[in-house]
Structure formats: C-alpha cells, structure tokens
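Accompanying notes for the structure given below.
The values are calculated or read from the model by the stated rules, or taken from the named source; none is laboratory data. All of these numbers come straight from a predicted model, not from anything done at the bench. Note: ideal-geometry Cβ built from the backbone for every residue, glycine included; neighbour counts use all protein chains shown. For accessibility, only protein heavy atoms count, side chains too; no ligands or nucleic acids. Shrake-Rupley method; radii C 1.70, N 1.55, O 1.52, S 1.80 Å.
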Amino acid sequence: MPAKILVGTQWGDEGKGKIAHVESADADATIRYQGGNNTGRTVQDEHWKLVLHTIPTGIIHNKIAIIERGLVIHPPSLVVEMDALKELGIGLDTLKISPFAHIVGPWHILKDQGSEAGGDGTRIGTTGQGIGPCYQDKMGRKFAIRVSDLIDKAHFLEKLGNVYRAKSEKLRHYGGLSPFEEVRDSYLAARERIVPYIADTGKIIQELLGKRKNILLEGAQAYLLDVDHGTYPYVTSSSTGSVAGLMYTGVPFDEVVSILGVVKAYVTRVGRGPFPTKLIGKEQETLRSLGNEYGSTTGRPRDCGWLDLPLLRYAVNGLHATELALTKLDVLGHMRRIKVCTGYEDVSDVGAFEFLDLESQVPIYEEIDVEPLGEADRIFDLPAWAQRVIALIEEHTEIPVAFVSNGPERNQYLR
Ligand code: IMP
C-alpha cells in the first residue's frame, strides 16, 4: 500500500472499529495517532467482543500496534485494556508506545468531570476521561507528564509528586484528588506494565516505510469533532482529520494510497452541539434501539438522526477522503421508511458560514421505502433502496462507496 488512513466523517461512532478490524488484517502495522481513551472501538468475532480504547486494532492480528505521540494515555486504563487482550489469548509483543505521548493524570479527570458538572451553560458533554485538560497541559507545558517520564522510576515519582501537589491546590474547588499514596501506587503499578512497550516508534515507522510495508493509520473520533474543523466548542480537543495522521506519525503525503472515510447510514451524536437531522421522541428511540446506539466508553444514549449528505460532503472535502465505508445499513433495513437529507433549505453548499449556523439549517429530505437487506454477496446485489442510498452518497460526495458493512461481526461486509 503503504499507508491507508481510516477516519470518521460524522460525530464519531461510525463503526470505525469494525472497519479497522477488517482492514488491519491486511496491514503490517496499525497506528493510533490522536485522542485517548475517550474513544471506544468495538471489535467482535463469532466468539468474542472487545472494546479497544487506546490500543490499535492491529494487535488482534498480531500486527505491529503503535500508540503514537499525539495520544494522551491514562495508564491505569491502558493496563485494563492490556489485561482484557491477554485474557482473550491475544499477545502484546507487537505493542509499541511512543515516549512522546502524554499521560492523563487523575487531576485531568477531576477537572474534566468537575467543569462539566458546573451547569453554567459551558458544558460540552465530554466523555469525562480527562482528555481536554490533558491536552491543555500539553500545550501549557508546565504540568505535563509524558511517557518518557515513566522510564526512570525515581524521576517519575518526583514529577508525579510535584504535579500532584500543584494540581491538588488548583483543583480544591472540584472536591480534591484522591490521597497521593493511592495515586502513586496505581501509577507505579501501571508504569511497571507499560515501560517494556516504550519504543522509538518514529524509527519503526520509517523502517516499515523503507521496507514498503502496509500501514493503517487509525483515526479516532471524527471530522465533525475536530477541534479546528468541527462544531466548536462541541468538539474533542485533538485534530481528528487525515492530515493529523501524517503530522503525528511522520508518514509522508506521497505514501498515502487511500483515505477511507467511515460513514454510518444514519447519524448519531453524544454530548451537546448542533445536529440538523436529529430525530425526536419515538422515532429517535426506535433508531437508537435498532442500532443499539449507546456510548461504548460512557454507556450514554446517543442522539440519532437521518443521514446528512451536505455535512458528509463537507467532511469528505475536509478529510480529502478518497473512498467511503458505509456502516450499519442493515439497521435501516429494519425500518419501513427512512429519510436521507439531501440539502438544507436556502443553502446550496455548506461553507464556513453555513457551518457556523448549523443550528438553524432546515433539512430537505428524500424519503425511501425500505425492506430488510437480505442476503447479498456484493454491493451490487443489495436491494434497490440500499442502492439508492449508496447512489445519493456517491453523488453528493463524488467518491465511491467501496465497502458496506451489513452486520457487527468481522465477516459481515460487502465490497
Ligand atoms: P471529550 O473528547 O471527552 O473531551 O468529549 C468532547 C466531545 O467529543 C463530546 O461530545 C464527546 O461525546 C465527543 N467524543 C469524544 N470521543 C468520542 C468518540 O469516540 N465517539 C463519539 N463522540 C466522542
């Protein structure tokens, strides 16, 4: 290949985990490049189901699995994930962690959850995992701890103590941190488990490229949650786009052979923010329950709505996506009639000002009668209503739908 970038085109939860699970089987290495354990990618096979939060999906196929420098890592949660993999008999030998990645401390979680509890209208609806405050400290540079700080135990203890003291002072109004001894013991235990996997990931990536190996860059969250391109301030705190993948990994532009945007056949969103095609009441509940739309990290019910083609086009353009993977089409097959938003009233294309005013956009819908997807071996064999949805997507985005996922398990997809 060598490099393929997998990115979300909506507000996350498009089913990237399933696509990554399939795509990583053909890759020599998979890399997470931004975000943290605010994301959850569900991967499942006939006999098991697993939610990966920080570790790239390649680990499942025993491929090199790199946690790159753009990530913020919560060590105790990473250990839980490592244990879950071990329990399934999946080895961790291929896991590589960048020394430049940042560490999420309990102070980040306290601040995230404390500021979200404020009820003063500034709530974003975060996952409460401390991700935003950790990126704030990364940019602030004074209180950041990086993976490289874990390497020397004495140095780490000193740094942990210093930051803990400074932060407990600052965060007193949020109720205070757990006692230092507790934090120290949990972070030291996690440190022991993580240090063996710290590696010069930049060099590994360059060597892989030199050998023409196949690399899959696994984006987390999605374009509309990007801190600069998304529905600010209702976004995550990292750059979620395809170009961010290159920035954090050092993979050069001309090595990229595909930017695969993942689009769900309907739209979901957790947290606050504008959502033009959001359903209300019973219709929303029906779609949520058919699609089992509950957060894989927080368990929160996701808001659900119809596929929004103007926004999809906006995302595809911003991501420079070259092809699309359409997920959960089978879910729509359980309804009698669906809608697809093909435009907004008085708006021909979404640019900056329409995007800033997303709240007031009034969708125009095409209604389509549907039936269950049934058995199909190729995209071409899908029923007429599914063909119509695909045709609308291709017409509006001007890129092909190359992959259709028609069920949660790894082998349930069509090309
Ligand atoms: P944070 O990333 O926890 O700061 O949350 C900021 C916003 O991004 C909230 O609306 C979250 O619900 C959303 N968000 C973060 N990660 C994901 C994800 O993986 N899927 C869907 N939404 C996410």
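List of remarks:
- Considering region 98-122, the residues that are touching a Cys at 6+ places or on another chain (Cβ under 8 Å) and not in a loop (DSSP other than H, G, I, E, B) include one that is nearest to Tyr232 (Cα to Cα), namely His108.
- Some residue of region 90-103 being without any contact (Cβ under 8 Å) to a residue 60 or more places away in the chain and exposed (fewer than 15 other Cβ atoms within 10 Å of the Cβ): yes
- Hits in region 25-55 (condition: more than 12 Å from the ligand (Cβ to nearest atom), under 13 Å from Arg410 (Cα atoms) and in a strand (DSSP E or B)): Val43, Gln44, Lys49, Leu50
- Every residue from region 391-415 that is open to solvent by 30 Å² or more (accessible area, probe 1.4 Å), at pLDDT 95 or above and not hydrophobic (A, V, I, L, M, F, W, C): Glu394, Glu395, His396, Glu398, Pro400
- If you go through region 199-247 and keep only what is free of Cβ contacts under 8 Å to residues at least 12 places away in the same chain, more than 12 Å from the ligand (Cβ to nearest atom) and within 30 Å of Asp357 (Cβ to Cβ), you end up with just Asp228.
- Across region 265-290, the number of residues qualifying as assigned to a loop (DSSP other than H, G, I, E, B) and in contact with a Gly (Cβ under 7 Å, 6 or more places away or on another chain) comes to 6.
- Qualifying residue in region 251-266 (condition: away from the ligand (no atom under 15 Å from the Cβ) and acidic (Asp, Glu)): yes
- Hits in region 65-107 (condition: polar (S, T, N, Q) and in contact with a Ser or Thr (Cβ under 9 Å, 6 or more places away or on another chain)): Ser77, Ser98
- The single residue among Glu14, Glu23 that is surrounded by fewer than 24 Cβ atoms within 10 Å (Cβ to Cβ), acidic (Asp, Glu) and within 16 Å of the chain's Cα centre (by Cα) turns out to be Glu23.
- Among residues of region 117-134 being touching a Ser or Thr at 6+ places or on another chain (Cβ under 9 Å), open to solvent by 20 Å² or more (accessible area, probe 1.4 Å) and not β-branched (Val, Ile, Thr), the one that is farthest from the ligand (Cβ to nearest atom) is Arg123.
- Elements of type helices (runs of 4 or more DSSP H) contained in region 144-246, each with 2 or more residues being more than 18 Å from Ile66 (Cβ to Cβ) and open to solvent by 30 Å² or more (accessible area, probe 1.4 Å): 153-170, 180-194
- Top-ranked residue in region 253-266 [being among the β-branched types (Val, Ile, Thr) and over 9 Å from Glu14 (Cβ atoms); ranked as most open to solvent (accessible area, probe 1.4 Å)]: Val257
- Test: Thr277 is on the phi < 0 side of the Ramachandran plot, in contact (Cβ under 8 Å) with a residue 24 or more places away in the chain and near the ligand (Cβ under 10 Å from one of its atoms): no
- Here Asn62 passes the criteria (1) open to solvent by less than 10 Å² (accessible area, probe 1.4 Å); (2) in contact with a Ser or Thr (Cβ under 9 Å, 6 or more places away or on another chain); (3) more than 16 Å from the ligand (Cβ to nearest atom) except the one numbered (1).
- If you filter region 289-301 down to residues that are touching a Phe, Trp or Tyr at 6+ places or on another chain (Cβ under 9 Å) and open to solvent by 40 Å² or more (accessible area, probe 1.4 Å), you find that the one that is nearest to the ligand (Cβ to nearest atom) is Arg300.
- Test result for Arg184, without any contact (Cβ under 8 Å) to a residue 60 or more places away in the chain and in contact with a helix residue (DSSP H, G or I) (Cβ under 9 Å, 6 or more places away or on another chain): yes
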